[in-house]
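Here's the structure, in structure tokens; my notes come after.
The values are calculated or read from the model by the stated rules, or taken from the named source; none is laboratory data. Since this is a predicted model, take the numbers as computed values, not measurements. Using ideal geometry, Cβ is built from the backbone for each residue, glycine included, and neighbour counts are taken over all protein chains shown. Note: areas computed on protein heavy atoms with side chains; ligands, DNA, RNA excluded. Shrake-Rupley method; radii C 1.70, N 1.55, O 1.52, S 1.80 Å.
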Amino acid sequence: MITAEWTPHRRDDRELLGWIRPEGADWVAVDLLGREATGPVEWLDAEDALEAGGLAWLAEVWMLETDDGAIRVRIAEVTPPGRPGDAGRVVVHSDDFGSVDVPYTRYELAWPAPAELRHKRPGEASELQNF
């Protein structure tokens, strides 16, 4: 999915924040999960969108829709495709609430991340739901 037309966008410390890809006469910001962070915008607006998002969102609680319902997860790994034809992957695990002795389940997802992986909505999933 990543093509030669996609331009990597990095923080000042060279950490990758995402890509900016052309769309007609405009540009679209794409985050590390391979999802569009903007619609067609000016170049500087695409950069601003990626900068505003930063990387902190990767540490947030996410929800993974499964056949058994939505479960709280944390992102463990994001590996975009390295070369054309590479698959890439997103690895998440059930939320362990920061404890080293809580069992968790890992899920390997495709890149770009599927719609089943989404942000947690306010008030969703009590702290004890996965225990």
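Here is how the numbers come out for the structure above:
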{"quantity": "Test: residue in the stretch 43-60 that is in contact with a Pro (Cβ under 6 Å, 6 or more places away or on another chain), outside any loop (DSSP other than H, G, I, E, B), open to solvent by 40 Å² or more (accessible area, probe 1.4 Å) and modelled with pLDDT of 95 or more", "calculated": "no"}
{"quantity": "Subset of the stretch 61-96 (residues that are touching a residue at least 40 places away in the same chain (Cβ under 8 Å), in a strand (DSSP E or B) and surrounded by fewer than 18 Cβ atoms within 10 Å (Cβ to Cβ))", "calculated": "E65, T66, A70"}
{"quantity": "Any chance G123 is open to solvent by less than 70 Å² (accessible area, probe 1.4 Å) and on the phi > 0 side of the Ramachandran plot", "calculated": "no"}
{"quantity": "Qualifying positions in the stretch 4-31 - touching a Pro at 6+ places or on another chain (Cβ under 7 Å) and of a type outside the set (F, W, Y)", "calculated": "E5, L16, E23, G24, D26, V28"}
{"quantity": "Subset of the stretch 15-70 (residues that are at positive phi and within 14 Å of the chain's Cα centre (by Cα))", "calculated": "G18, G34, G54"}
{"quantity": "Filter result for R11 (modelled with pLDDT of 90 or more, touching a helix residue (DSSP H, G or I) at 6+ places or on another chain (Cβ under 8 Å) and surrounded by fewer than 19 Cβ atoms within 10 Å (Cβ to Cβ))", "calculated": "yes"}
{"quantity": "Search result, residues across the stretch 97-120 that are open to solvent by 40 Å² or more (accessible area, probe 1.4 Å), charged (D, E, K, R) and not in a loop (DSSP other than H, G, I, E, B)", "calculated": "R106, E108"}
